[in-house]
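Here the structure comes first, spelled out in C-alpha cells, and everything after it is commentary.
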Amino acid sequence: MLDSVTDAPTGAQGMGVSAEAYRLAARHSTRVRILKVALPVAALVIAAIFAVVSIVRTYLPSDLQVESATIEDGKIVMRYPAIAGRNKDGISYSMKAERALQDMKTPDVITLENITAKMPVNDTTTAEVKAETGIYDRGKNQLDMTRPFTINLNTGLAADFRSAHLDITGGTMETKDPVSIRSPGASIVAQSLRMTDKGRVVVFEGKVVVDVDPAAIRNREK
C-alpha cells in the first residue's frame with residue numbers, strides 16, 4: 001500500500017510534467033504560427049524602406065528636376081525637386097519633395113522636406129512613403145528620418161514610424177521610437193526596432209504587442 005501511495009504522487013507528478021510540456025509545446029506552436037504571419041509583414045516594410053533608399057542613393061542629386069534653385073545661408077535650396085522613371089523591370093517609380101537643401105560646405109549631405117515617394121517593392125507590390133524630413137549622407141551612405149513618416153503598400157499594409165536611422169552599407173536600420181505596423185491579417189506595435197544583416201534579422205523591443213487574425217493563420221497553413 002505504501003508503495004502504491006508513493007507511486008500515485010509520482011505518477012501524478014509525471015502527468016503534471018507531461019501536461020506542462022504539452023502546454024509549452026502548444027504555446028511554441030502557436031507562437032510559430034503567429035510569427036509566420038507577422039514576420040512577412042515586417043519584412044515587406046523593411047523592403048519598402050530600402051526600395052526608397054535605393055532610388056535616393058542612385059539619383060540624388062544628379063537627376064533631380066527642380067522648379068527653382070537659390071542660395072540661402074550657404075545652402076543650395078531646390079524647390080519642388082522630383083525624380084521619376086522606371087526600374088529595370090519597367091515598373092514606374094517617383095519621388096517629390098517641397099524642398100531639397102544641400103550645404104555647400106558638406107555637399108554630400110542632402111536634406112529633403114515633405115517627401116512623397118512611390119516605389120516598387122517587388123513585381124506585384126508597390127509602396128507609397130510620406131515623410132516630413134529625410135537627411136541623406138552620400139559619403140557615409142546613411143539616411144536619417146528625423147521626423148514621422150508612413151509607409152502604405154498596395155496590399156493593404158501600413159506602417160507608422162516616428163524616426164529611423166539607416167546604414168545602407170552596413171544593412172542596418174534602427175529606431176528608438178514607437179513603431180506600428182498593420183496589415184489586413186496582423187499588426188505589430190513596439191517601442192523600438194532594430195534590423196541587421198540587411199533585413200534578415202528584425203528585432204522588436206519594448207512592450208511588443210502582436211495581434212494576428214486567426215483566419216490569417218489558417219490561410220497561411222493551407
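Quick one: of Lys96/Lys118; Lys75/Lys176; Lys96/Lys176; Lys75/Lys96; Lys176/Lys198, which pairs are farther than 21 Å apart, Cα to Cα? Don't skip to the end; give the middle numbers.
Numbers: Lys96/Lys118 9 Å; Lys75/Lys176 30 Å; Lys96/Lys176 27 Å; Lys75/Lys96 19 Å; Lys176/Lys198 18 Å.
Pairs exceeding the cut-off: Lys75/Lys176; Lys96/Lys176.
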Karplus ³J(HN,Hα) for segment 106-112 (6.51 cos²θ - 1.76 cosθ + 1.60, θ = phi - 60°; Hz, whole; x = Gly/Pro) runs 10, x, 6, 9, 10, 10, 10
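Suppose R0 equals 30 Å; then what is the FRET efficiency for Lys75 and Thr116 from their Cβ-Cβ distance, rounded to the nearest 0.05?
Working: r = 22 Å, r/R0 = 0.74.
With a Förster radius of 30 Å, E is 0.85.
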Compactness summary of segment 64-222: radius of gyration and Dmax from Cα atoms, Å, are 17.8, 61
Restricting things to Cα coordinates, could you compute the convex hull volume per residue of segment 61-131 in Å³? 87
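Relative to the Cα centre, what is the charge dipole magnitude of segment 74-153, using +1 at the beta carbon of each Lys and Arg, -1 at the beta carbon of each Asp and Glu, and rounding to the nearest 20 debye? Can you show the working numbers first?
Values: 12 positive and 10 negative charges, 43 e Å.
About 200 debye.
Any chance you could run the full-extension gain for Glu67 through Lys130? It's 0.36 nm times the residue separation minus the Cα-Cα distance, nm to one decimal.
Details: separation 63, 0.36 × 63 = 22.68 nm, distance 2.04 nm.
Length gained, Glu67 through Lys130: 20.6 nm.
Every read-out reported here was derived from the displayed coordinates using simple, explicitly stated rules and does not represent laboratory data. Being a predicted model, the structure only gives us computed values, none of them experimental. Don't worry about glycine lacking a Cβ; one is built from the backbone with ideal geometry, like all the others, and counts go over all protein chains shown.
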